[in-house]
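Peer 1: I am attaching a structure below and will ask some questions about it afterwards.
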């Protein structure tokens, strides 16, 4: 079992435990939609770039390969979902950016480096687009983790 699978299972166990715990009083803050720091023009541009450059492997809606957790015959992981159902949201913004720009870490996947084809702004637009697909709970968990990562930099 790889690191991401263990992390996912631990997160799911925590969610199940909290869902089964005593009902707590709900506050407006607990149900509020998280603030998403992106704009329509960037998300729109990112969607167009995603279809052009990323959809072939990650799917038109960012759904990824159905077997994304299983290494292929070459020992590589297929393209993961980017729509909030995979592990992309477990990575801070700077890691997402780095992987798109420079490709998959050696021996882990087939993600090519896009630094020669996409500008930094275009990469950020693609990230904004797929983050816009994430459910609020996933986005909020990512946002909190990303803030901690930025504070530790």
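Peer 1: Given the criterion over 15 Å from the mean Cα position of the chain (by Cα), closer than 30 Å to residue 152 by Cβ and outside any helix (DSSP H, G or I), identify the matching residue among 112, 80, 66. First the steps, then the outcome.
Peer 2: Working: 80 fails: over 15 Å from the mean Cα position of the chain (by Cα); 66 fails: closer than 30 Å to residue 152 by Cβ.
Checking each option against the conditions leaves just 112.
Peer 1: Consider residue 151 carefully, then state whether it is outside any loop (DSSP other than H, G, I, E, B) and modelled with pLDDT of 95 or more. Show your work before the answer.
Peer 2: Numbers: outside any loop (DSSP other than H, G, I, E, B): yes; modelled with pLDDT of 95 or more: no.
No.
Peer 1: Given the residues 107, 86, which is the only one that is at positive phi and modelled with pLDDT under 95?
Peer 2: 107
Peer 1: Yes or no: segment 51-62 includes at least one residue that is under 10 Å from the mean Cα position of the chain (by Cα), within 25 Å of residue 38 (Cβ to Cβ) and surrounded by 13 or more Cβ atoms within 10 Å (Cβ to Cβ).
Peer 2: Checking segment 51-62: at least one residue is under 10 Å from the mean Cα position of the chain (by Cα), within 25 Å of residue 38 (Cβ to Cβ) and surrounded by 13 or more Cβ atoms within 10 Å (Cβ to Cβ).
Peer 1: Still on this structure, I have one more. (1) touching a residue at least 12 places away in the same chain (Cβ under 8 Å); (2) assigned to a helix (DSSP H, G or I): which one isn't true of residue 56, the others all being true?
Peer 2: The failed condition is (1).
Peer 1: Something else about it: In this structure, does residue 24 turn out to be out of contact with any helix residue (DSSP H, G or I) (no Cβ under 9 Å at 6 or more places or on another chain) and modelled with pLDDT under 90?
Peer 2: no
The values are calculated or read from the model by the stated rules, or taken from the named source; none is laboratory data. This is a predicted model, so every value here is computed, not measured. All Cβ positions, even for glycine, are placed from backbone atoms using ideal geometry, and neighbour counts span all protein chains on display.
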